[in-house]
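Take a look at the structure below.
None of the figures in this text is laboratory data; all of them are computed from the coordinates on show. Keep in mind it's a predicted model, so treat the numbers as computed, not measured. Neighbour counts run over all protein chains shown; Cβ positions are idealised from the backbone, glycine included.
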Amino acid sequence: MKTEKEKMLAGELYNARDPQLVAERRRASRLFQELNHTSADEPAERARLLQELIPHAETGLELNSPFYCDYGTNIRLGDNVFFNFNCTILDVARVTVGSRTLFGPNVQIYTATHPLDYQTRAAGLEAGKPVFIGDDVWIGGDAVILPGVTIGSRTVIGAGSVVTKNLPDDVVAAGNPCRVIRKLSATGPVA
């Protein structure tokens, strides 16, 4: 029989009130609250807290506080990822971010989903769908990435966009819902 955590990570309905999951969310909350109360003048302490909160981050992570997440342990970051102020990642499923990806302020990444049936929701059941973001992506401020979305490498997401569907490599996309506006080449916009 699967644990609630195993169900969660498998994308199945799980009980979010499970004691193990509650304890893991409390651990993450304690860590990001400590992180959010450190200053830029405390780089060693910030690095220690980030390593504990997001243990699957490669080198060069830059993160402006405040930052929020559900678990932290389900986030995978490539090299030299940058998060501006006030980003939130609901990582009940895996969130994978490629190297050199930039997040504007207030970007939100959601993997958590909830059943449409009110009785199932009321029972505390939910699920999650992973999010994948490629290398060299730039996501503008206030963008929202919904569960199950893949964003291709080198893609640019306009500020305030709500990304509801997968986006290919090398495009500029914006809007609510987010849609491709134009293609990019390796050297910049295609005329």
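Details
- The listed residue being surrounded by 20 or more Cβ atoms within 10 Å (Cβ to Cβ), touching a residue at least 60 places away in the same chain (Cβ under 8 Å) and closer than 23 Å to Ser65 by Cβ, out of Val92, Val97, Val107: Val92
- Enumeration of residues in the stretch 36-76 that are surrounded by fewer than 17 Cβ atoms within 10 Å (Cβ to Cβ) and aliphatic (A, V, I, L, M): Ala40, Ala44, Ala47
- Residues in the stretch 2-21 that are at negative phi and either part of a loop (DSSP other than H, G, I, E, B) or of a type in the set (Val, Ile, Thr) (or both): Lys2, Thr3, Ala10, Glu12, Leu13, Ala16, Arg17, Asp18.
- Some residue of the stretch 30-46 being in contact with a Lys or Arg (Cβ under 8 Å, 6 or more places away or on another chain) and not hydrophobic (A, V, I, L, M, F, W, C): yes
- Remark: pairs (first residue in the stretch 8-36, closer than 24 Å to Thr120 by Cα; second residue of a type in the set (Lys, Arg) and surrounded by fewer than 13 Cβ atoms within 10 Å (Cβ to Cβ); Cβ separation under 9 Å; 6+ apart in sequence or on different chains) = Ala10/Lys2; Glu12/Lys2; Tyr14/Lys2.
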